[in-house]
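Contents: one structure, followed by commentary.
We did not get these values from a lab; they are worked out from the coordinates using the rules stated. Treat the numbers as computed from the prediction; the structure is a model and nothing was measured.
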Amino acid sequence: MRARVLVRPKQGILDPQGVAVERALPALGFKGVSEVRIGRLVELEIENPAELEAISSQLLANPLIEDFEIELLEDAPAA
């Protein structure tokens, strides 16, 4: 089975990359953008999707400062 895990900083945790992007946008002519959060997307093939929660909390994300979302996908080749 193919899965995606989206990892991003928890609300209230400083996100320096998000702040940098948010500050740069007006200089590039983009107005009205706020609350920018930068995360990472992990795609993987897994035989036992029941293990995704443990994999995500123990390895892919730091549960003290990051949240994660798991999305199961249809079996399809990676883009």
Working only with C-alpha atoms, what are the Rg and Dmax values of the chain, expressed in angstrom? 15.5, 46
On Cα atoms only, tilt of 16-27 relative to the major axis of the chain in degrees: 50 degrees
Residues whose modelled amide H sits under 5 Å from the amide H of ASP67, counting only those 5 or more places away in sequence or on another chain, are ARG8, LYS10
